[in-house]
Amino acid sequence: AGEVESSKALSGLLNGLAQNAFHGHSGITEELLRSQLYPEVPAEEFRPFLAKMRGILKESEFLCLEFDEVKVNQILKKLSEVEDSISTLMQAA
């Protein structure tokens with residue numbers, strides 16, 4: 001059940017970041033995302049994680065423009081590492 005919850009939270013986070021970055025929804029703040037999706041994670045731990053997700057999202061934007069298999073595999077590897085990080089955070093809470 002924890003894995004499903006962390007997947008839903010990650011999906012929500014990426015969706016929120018995309019809404020903010022690409023659709024200009026300025027109401028989607030760091031604090032809103034943390035409080036709604038990862039309330040058990042302290043802000044000081046959430047910020048680096050959020051920065052990492054923004055970076056992945058930005059890289060994926062470029063992947064949509066150029067289908068470079070090596071880059072796609074790099075992104076998938078990073079997402080897998082992120083999922084492991086989320087699992088670790090969720091277990092520590």
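The values are calculated or read from the model by the stated rules, or taken from the named source; none is laboratory data. Worth saying up front: this structure is predicted, and the values here are computed from it rather than measured. Cβ sites come from the backbone with ideal geometry, for glycine too, and all protein chains shown count toward neighbours.
Starting from the stretch 9-24, take each residue that is in contact (Cβ under 8 Å) with a residue 60 or more places away in the chain and list its partners that are in a helix (DSSP H, G or I) and not aliphatic (A, V, I, L, M), counting only C-beta distances under 8 angstrom and pairs at least six apart or across chains.
So the pair list comes out as LEU10/GLU83.
Going through the stretch 36-46 one residue at a time, which ones are free of Cβ contacts under 8 Å to residues at least 24 places away in the same chain and under 13 Å from LEU13 (Cβ atoms)?
Correct list: PRO39, PHE46.
I'd like the residue in the stretch 59-85 that is at pLDDT 80 or above and among the basic types (Lys, Arg) and, out of all such residues, is nearest to GLN19 (Cα to Cα).
Ranking the candidates gives LYS78 first.
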